[in-house]
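A short worksheet on the structure shown next.
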Amino acid sequence: AEAIIVTAMIKKCTGLLSFTFSGDHKCSEPATLTVGMIEADLSGKKLGSFGGIMAAAFLPRVEGLTSLNISDNWIGPYGSQAISVAIEELPSLTFLNISGNDIPTDLKHAIKAKMKSRKQGKFGYANF
């Protein structure tokens, strides 16, 4: 329920230009998604499902994003499903690393198919 509320707030707050994930303070530095960035590395932040869902809510604002590394974040089935939906709104995305996230096999295939169907100048790639 909390993820739904926060996701709705992120989507409603149109003036939000960046979103920072503090990460696991013992293992990683904070990472920020910012409107206008073309590459985002959120790897190893231990975001969990909730963090994956929040990232997915903000990602459509990063319209020119070409590369997203969200590996090793324990986002699981719920977070990866949210990311799968979000990448549909990112036509410029040609590279996605979503490895190390305990994603169900059918969802892996769906994400891979979405990335392969990209009509960009270069081939969309999903790393699992």
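The values are calculated or read from the model by the stated rules, or taken from the named source; none is laboratory data. All values derive from a computational prediction rather than experimental measurement. Please note: Cβ atoms are built from the backbone with ideal geometry, for glycine as well, and neighbour counts cover all protein chains shown. Note: areas computed on protein heavy atoms with side chains; ligands, DNA, RNA excluded. Shrake-Rupley method; radii C 1.70, N 1.55, O 1.52, S 1.80 Å.
Per-structure values
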read-out	value
Residue that is farthest from T7 (Cα to Cα) [pool: residues in the range 95-118 that are of a type in the set (S, T, N, Q) and open to solvent by 10 Å² or more (accessible area, probe 1.4 Å)]	S117
The range 1-13, residues that are touching a helix residue (DSSP H, G or I) at 6+ places or on another chain (Cβ under 9 Å) and either under 18 Å from T34 (Cβ atoms) or not β-branched (V, I, T) (or both)	E2, A3, A8, M9, I10, K11
Residues within the range 101-120 that are within 14 Å of the chain's Cα centre (by Cα) and small (G, A, S), tallied	0
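A quick yes/no check of all residues on (1) in contact (Cβ under 8 Å) with a residue 40 or more places away in the chain; (2) touching a Ser or Thr at 6+ places or on another chain (Cβ under 7 Å); (3) of a type in the set (S, T, Y):
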position	(1), (2), (3)
C13	no, no, no
E29	no, no, no
M37	no, no, no
D41	no, no, no
L47	no, no, no
A57	yes, yes, no
S71	yes, yes, yes
S84	no, no, yes
L93	no, yes, no
